[in-house]
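Single-structure report; data block below.
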Amino acid sequence: MDYQYPMDLDWSTDEIVDVIKFFEAVEKAYENKIQKEEFMKAYRRFKEIVPGKADEKKYTDEFESVSTYSAYFVIKKAKGIDDGEWIKMKN
């Protein structure tokens, strides 16, 4: 990983850590695999910190531009599978 995670300097340290955990969960879906529940837990916490759709798009697009990993497609896949299933994205 040779990039920085997008973040807002107004976030608390705990919020920054949780947003990084969400982006790491996206990475995990592409680089290995992640269980739906683990991913959705990270996503729900991300949405508590970034509740607006426009801000969510801003941060996930910024992450995709530096990492090539699409949070949007991982979220879409997670919402379309059953609990207990694994998310494995293709690069």
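The values are calculated or read from the model by the stated rules, or taken from the named source; none is laboratory data. Being a predicted model, the structure only gives us computed values, none of them experimental. Virtual Cβ from ideal backbone geometry, glycine too; neighbours counted across all protein chains shown. We work out accessible area using only protein heavy atoms, side chains counted, and drop any ligands, DNA or RNA first. Shrake-Rupley method; radii C 1.70, N 1.55, O 1.52, S 1.80 Å.
Inside the stretch 63-76, can you point out the residues that are free of Cβ contacts under 8 Å to residues at least 60 places away in the same chain and more than 20 Å from Ser12 (Cβ to Cβ)?
To start, the set of residues in the stretch 63-76 that are free of Cβ contacts under 8 Å to residues at least 60 places away in the same chain comprises 63-65, 68-76.
Answer for the stretch 63-76, where residues must be free of Cβ contacts under 8 Å to residues at least 60 places away in the same chain and more than 20 Å from Ser12 (Cβ to Cβ): Glu64, Ser65, Thr68, Tyr69, Ser70, Ala71, Tyr72, Phe73, Val74, Ile75, Lys76.
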Inspect the stretch 1-24 for any residue being at pLDDT below 95, farther than 15 Å from Asn91 by Cα, among the aromatic types (Phe, Trp, Tyr) and surrounded by fewer than 18 Cβ atoms within 10 Å (Cβ to Cβ) and give the result as yes or no.
-> yes
Subset of the stretch 49-89, residues small (Gly, Ala, Ser) and assigned to a loop (DSSP other than H, G, I, E, B), comes to Gly52, Ser70, Gly80, Gly84
Pull up the stretch 35-91, narrow it to residues that are closer than 15 Å to Phe23 by Cβ and touching a Lys or Arg at 6+ places or on another chain (Cβ under 6 Å), then point me to the one that is most open to solvent (accessible area, probe 1.4 Å).
-> Ala42
Per-region count, the stretch 26-48, residues part of a helix (DSSP H, G or I) and either among the basic types (Lys, Arg) or touching a residue at least 40 places away in the same chain (Cβ under 8 Å) (or both) | 12
